[in-house]
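A short worksheet on the structure shown next.
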Amino acid sequence: MVVSVRSWLANEGGKHLVLMLWLGANTWLFVKTFLLYSTGQQYHYLYKMLGLGLCISRASASVLNLNCSLVLLPMCRSLLTFVRGTHQVSSRKTRRILDKSKTFHVACGVAICIFSVVHVSAHLVNVVNFSVSYSDDFPALNLARYKGEDPKLIILTTIPGITGVLLVLILFLMFTSSSYCVRISNYEIFWYTHNLFIVFYIILMVHMVGGALKYQTNLEAHPPGCLEGNQSSLEQRGEELEQREDEERRCREEAHFQPHYPQTWLWVSGPLCLYCAERLYRYIRSSDPVTIVTVIRHPCDVIELRMLKKNFKARPGQYIVLNCPGVSSFENHPFTLTACPTENKQTFGIHLRVVGDWTERFTQLLLPEPRIDLEILPMVQQRRYPKLYVDGPFGSPSEEVFNYDVSLCVAGGIGVTPFACVLHALLDGWTGFRLQRLYFVWVCRELQSFYWFAELLSALHHKLWKENRPDYFNLKLYVSQTDSLQSMSEEKFGPLTSRLLVGRPRWKLLLDEIGRTNKHKRVGVFCCGPKGISRTLHRLCNSSRSSGTTFEFNKESFS
């Protein structure tokens, strides 16, 4: 498959540019700090004692400072949502780069883990050298209390050593619990360990307080390598050296050393304060509990939840974060809005699939099993919904559906939720957007899954037919599981039955057909579903086509 340069630049250019800038900043910072400690006169004696371990440990520390500050910025969701929604500030290219914020967060996290290993390894060498290369000439430079002191004792009796061990332990827990298998199987572990970042940053800012590494402060009075008063000049110079030159090289005073002023807080305090302000803002915004209006059980273990909250506004494609204290006071889970508030209807809704412990317990609170002794009471008296808090809304790639002339939405199973809100907006008659044609492809294993939004799809189809715009909305439904396959026999779902196909989509043929119909246009491709579908579409969007159509790939994911 031939890759199109134009399509590759449209899909990969922005994020690769940011990646190169980030790598360049890390490389420049590492090299600059390495050279400073290897050639800087103020570190002459320290470098003679510790060697390359000093340069590598400080260079990696500089990279860690940079990434520990950057890793927080992609998590400022409200700030990113504000920037995404300000069209005067951010172009579509900029917004698409912002959609990669989670990827950038992961990249910074991986860099922190890698350079932490480098930093710790270099400092282990330094601790050994502090013990072995104990300096009698410059006692203030030593970290060890005597020559040959046990390195383990040095680590466990100094502030940098103790805090370093704690930082490594916290980082190990955060890194291992961030793996995909842990997040899918037990999200609670990921959530609780990731919130250890607060403790991590507190310890990080006191890590340098101990002053393990010192620099020389009196370089003019004591040039590095100068002759002490009791040293013979014949041992330090050649026979051709004049006595006047020898006097100039003599030390006027003893070398003075001073520990480094802690600088980590200068790197992380700004982003940390910004993130804390964001969390405070989100806490205040989400402090009012919402009113649960309706709970509907759909086929295939899907629950629809309709809610009402004062002054809540959202755009199609955005998502919210739910917190249910009845399940867990500290766990927050993201869900895409499937219905946004309008002028005529203030409620908003989500669809959630019952998968995992949290959704199971949440569903039990929403739809408890009826008690036998209460069967004679009216249903309205039995229904008591749990307290629920909503944070958001937050921006997502699906917001861009309306900003293309032509958009293709591809959903896999419950991945249809980001696009349901888009369909609701079209049905409600939203105006003021660019979209001229919408292709909608929904792939499900079971036929029953289509009933989640069957009425919505049928209503939108009838509306567009009445308005004489049948080509505006191109719908294709695919059911991949053929066991006990039945048709959607209801009369009102007739338009869906005619667009129901058995099997899996042939993606290349589908994109080629869209390309021929929309020659030399930019088509926005939006995908939310299994990785197999998104990878195939991503690869096809970067391939070249004779039609000259550029497919810009956008992926929705909360995993």
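The values are calculated or read from the model by the stated rules, or taken from the named source; none is laboratory data. Note that the coordinates shown come from a computational prediction; the quantities given were computed from them, not determined experimentally. Counting neighbours? That spans all protein chains shown, and the Cβs are built from the backbone with ideal geometry, glycine included. These accessible areas exclude ligands, DNA and RNA; they are computed on the full protein's heavy atoms, side chains included. Shrake-Rupley method; radii C 1.70, N 1.55, O 1.52, S 1.80 Å.
A few comments on the model shown:
- Residue pairs whose Cβ atoms lie under 7 Å apart, separated by 6 or more positions or on different chains, with the first residue in region 532-552 and more than 12 Å from V410 (Cβ to Cβ) and the second in a helix (DSSP H, G or I) and open to solvent by 30 Å² or more (accessible area, probe 1.4 Å), are N542/W8; R545/D512; S547/R516; T550/R6.
- Any hit, region 453-475, residues being modelled with pLDDT of 85 or more, under 20 Å from K555 (Cβ atoms) and either acidic (D, E) or assigned to a strand (DSSP E or B) (or both): no
- Matching strands (runs of 3 or more DSSP E) fully within region 293-341 where at least 2 residues are closer than 26 Å to L447 by Cα: 302-308, 333-339
- Taken over region 412-439, the criterion of being open to solvent by less than 10 Å² (accessible area, probe 1.4 Å) and either part of a loop (DSSP other than H, G, I, E, B) or touching a Lys or Arg at 6+ places or on another chain (Cβ under 7 Å) (or both) is satisfied by L435 alone.
- Taken together, E247, E240 contain a single residue that is open to solvent by 90 Å² or more (accessible area, probe 1.4 Å), farther than 30 Å from Y215 by Cβ and modelled with pLDDT under 85, which is E240.
- Hey, R504 in a helix (DSSP H, G or I) and basic (K, R) or not: no
- The residues listed here are G51, G13, G40; of these, the one that is at positive phi and small (G, A, S) is G51.
- Residues satisfying the stated conditions in region 84-98, i.e. open to solvent by less than 70 Å² (accessible area, probe 1.4 Å) and either within 14 Å of P397 (Cβ to Cβ) or modelled with pLDDT of 85 or more (or both): R84, G85, S90, R92, T94, R95, R96, I97, L98
- Leading residue by the ranking (nearest to I114 (Cα to Cα)) among those in region 2-58 that are hydroxyl-bearing (S, T, Y), out of contact with any helix residue (DSSP H, G or I) (no Cβ under 8 Å at 6 or more places or on another chain) and open to solvent by 60 Å² or more (accessible area, probe 1.4 Å): T27
- Restricting region 348-369 to residues that are outside any strand (DSSP E or B) and open to solvent by 40 Å² or more (accessible area, probe 1.4 Å), the residue that is nearest to G413 (Cα to Cα): V355
- Taken over region 81-101, the criterion of being touching a Ser or Thr at 6+ places or on another chain (Cβ under 8 Å), in a helix (DSSP H, G or I) and not aliphatic (A, V, I, L, M) is satisfied by R84 alone.
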